[in-house]
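First comes the structure, then the notes that go with it.
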Amino acid sequence: MPTRPGKLERITNLVLALLDTSRPLPLREIGDTVAGYPREPAALRQAFERDKRALRDGGIPVSTERIEGSDQYGYRILPEQYYLADLELSAEEEQALAFALTAVRLEGGLGRSVGTKLGLAARSDPVPLALLPALPALGPLHQAVRERAVVTFDYHRRRRLVEPYGLVFRSGSWYLVGFDRTAGRSGGLRTFRVDRLESPPQPGESAGFDRPAGLDVAAEVRLAPARAAGAGLSPDGGAAEDAARVLVEFSAAEAAAALGAVGSGALLERRLDGSVLLGCDVADEDAFARWVAGFGQGALVLGPSSLRARVVQILEAASASSPGEVPPAPSERRQGRRSRLGGDCSGTLPGGAGGATRARGAELPGRDGGQKSPQLDAGTRLRRLLALLGHLARVGEASLDELAERFDLPPEVLVAELELAACCGLPPYTPDQLLELVVDGERVVAFGLEPLGRRPQLTAEEGFAVAAAARAMLRVPGADAAGPLAGALVKLEATLGDASMLEVEIDSPPMLEPLRHAAARGEAVEIDYVDRSGDEHARTVEPHVVIVREGRWYLDAWSETAGGWRRFQLDRVRAVRPLGRPVSERALPAAFTRAQAFVGGAGTARALVEVPSGERRALERVAAGPAQPGGTASSIVMPVDVADRRWFGRLLLGVPSAVVLEPRSLASARRDEAAAALARYRAPVPAAVEDPGTR
């Protein structure tokens, strides 16, 4: 045994020693017996505290206990806190759970590490089915929901005390639904967007409240000031008797966004051209009018006449605005703003939104290759090593090829990790106290590892990852709601706690299956596609992958029509016609492997938009970078990448206070979109839909 092993060896030895002891070990004894620690007391304390923190951060519960003597405190890992109860998963359930953790990926690769920790075989499927954002707050919030623990956090510059009822993923964001005790006992049911929490959530004691019986947490997440007609509650949680019944038509290009905001229960009619007719109950007519006006010519209020008139009034004000909207300001101030934000960046991707949902940009490997794995820290390597040893403890022996495939490791890395493990063990590190691993040709045989054979507990983040992946996979069209994955989820919840109040919403566009089939077979197709402007065109494409990003299905394909790679939103595909020929072999560009749904092209321009600081959230989801100080103390400037002028005009309609600083060519986008929307309102409303109450 070397006198000073590396950090991974030292921390592995520490875990083995703290698991093996029947009493708390004082620090001096740890320093004297566990190989790898320095002798000098201050250096020993510093190294141990770092290791203890790394273990706890990785979900290994190092217990601190009072002891007699001058040391005062001792340390150990209690088996009942470290080991997970036996899940008793069948082989089919293990396979289904492993597939879900691979097919539904959380940013940062958390799902794959959970599978390794649970001893599930790693899958090397190069392309996932869905990518979900992962936020630091989600694990603690999910655990608080399961344990019914009241949480405290800052939100909208206020300290909140919330009974967390459930988590919902919708339209690319995570939401917490709960009772806000801060708001008082009357009408305190609230929805919080998780990426807007201003401090880490702090859970209190378990069983601190009772969840309302029959609560539908997904129904409480409303992204528009309306609810599906007849849903029973108004947007503020009150009775719906005073709500107005409205009818709104949305174009094919805006149908998915509208349904995601109001809820599928509002759908009254889906037409052949992809447009939809929605029926909603509206308590705040003015707020709803502003929301609908933000869709520009993509929405048309059919009734009641009072709401229609209010939308027209908003659009008339926007259409009358001057295209020269930049307020008087010294040119050098705007020039300075340009230098900080980078000016025009045609053909580039956004570097991440100001909100946390788009700040990471996880890498997704494609069918033709992928990204290099980052250098792993000692804590991550330790969890992988313990999972590897745990598997060997359970099976006794395995081939190198089997282990390399199960843990998704190159053979040379696998052998190096096994060689390191063979140097670890218990004091005094004599041959009989070291881990006994024998490589016999192409097989590995393990002896005496039985204590490591039980699976370790999952951290709050890992428990959330496995529940989210399973819930999302069960929402993918074609999933068996009563199959092995559902069975595995029931067993997980029996051990980890009820996760039924976690909802992951994934849409099911009509052309999903034909395009997934074409991508799987590698067959070229012709599609009829409605672009952001609402125009429909036939495109000849070679499908590469169909995947959920930001809550929607997208097709990444080589477009023969455009002569380049394009991303298509599946809910805008009206028809798919197979062409009976294979796709060409092409590598997917790196820009298409990132987490964001938006992919810029040669026509993409960087716009700088100034808004009051209090309205920054209106642009956070589409911002291409962090906000910068504006021309006044109360304003900020946000960069937005614009590939479609009409889309940008609609965005600005939803933010009346926004001012386009540059480029000047986009300054009139809001006015032009408002004028186009007004043209639709000049046509008479069909008598059959004039009175919403008659439908």
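What follows is calculated from the coordinates using simple rules that are stated; it is not laboratory data. Keep in mind it's a predicted model, so treat the numbers as computed, not measured. No Cβ is skipped: glycine too gets one built from the backbone with ideal geometry, and neighbour counts run over all protein chains shown.
What is the distance in Å between the Cα centroid of region 445-501 and that of region 528-565?
34
Below 13 angstrom from the Cβ of Val221, what's the summed charge of the other residues (Lys, Arg +1; Asp, Glu -1)?
+1
Scattering from the C-alpha atoms of region 399-447 alone, worked out with Debye: what is log10 I(q)/I(0) at q = 0.25 1/Å?
Debye curve over Cα of region 399-447, log10 I(q)/I(0) at q = 0.25 Å⁻¹: -0.91.
Reported to two decimal places, what Rg/Rh ratio describes region 402-498 when computed on Cα atoms with Rh from the Kirkwood expression?
1.12
Please give the net charge around Gly379, taking every other residue with its beta carbon less than 15 angstrom from that of Gly379, where Lys and Arg add +1 and Asp and Glu add -1.
Details: positive: Lys7, Arg10, Arg50, Lys52, Arg53, Arg56, Lys117, Arg381, Arg383, Arg384; negative: Glu9, Glu49, Asp51, Asp57, Asp377, Glu417, Glu461, Glu462.
Cβ neighbours under 15 Å give a net charge of +2.
Under Stokes-Einstein, with the Kirkwood radius over Cα pairs standing in for Rh, what whole-number D in µm²/s applies to region 46-110 at 10 °C and 1.306 mPa s?
104
FRET efficiency for Arg454 and Ala317, Cβ-Cβ distance as r, R0 = 60 Å, nearest 0.05?
0.35
Given H placed on each backbone N at 1.01 Å, which residues far from Ala149 in sequence or on other chains put an amide H within less than 5 Å of it?
When sequence neighbours closer than 5 places are left aside, the close amide H contacts are Ala207, Gly208.
State to the nearest 20 debye the size of the charge dipole of region 7-82 about its Cα centre, where the only charges are +1 on K and R beta carbons and -1 on D and E beta carbons.
200
In angstroms, what radius of gyration and Dmax does region 252-307 have, counting Cα atoms only?
Radius of gyration, then largest Cα-Cα span, for region 252-307: 10.9, 32 Å.
Kirkwood hydrodynamic radius, region 7-82, all distinct C-alpha pairs: what's the number in Å?
Kirkwood radius, region 7-82: 12.4 Å.
Tell me the volume per residue, in Å³, of the convex hull enclosing the alpha carbons of region 512-593. Don't skip to the end; give the middle numbers.
Values: hull volume 7.7 nm³, N = 82.
So the per-residue Cα hull volume is 94 Å³.
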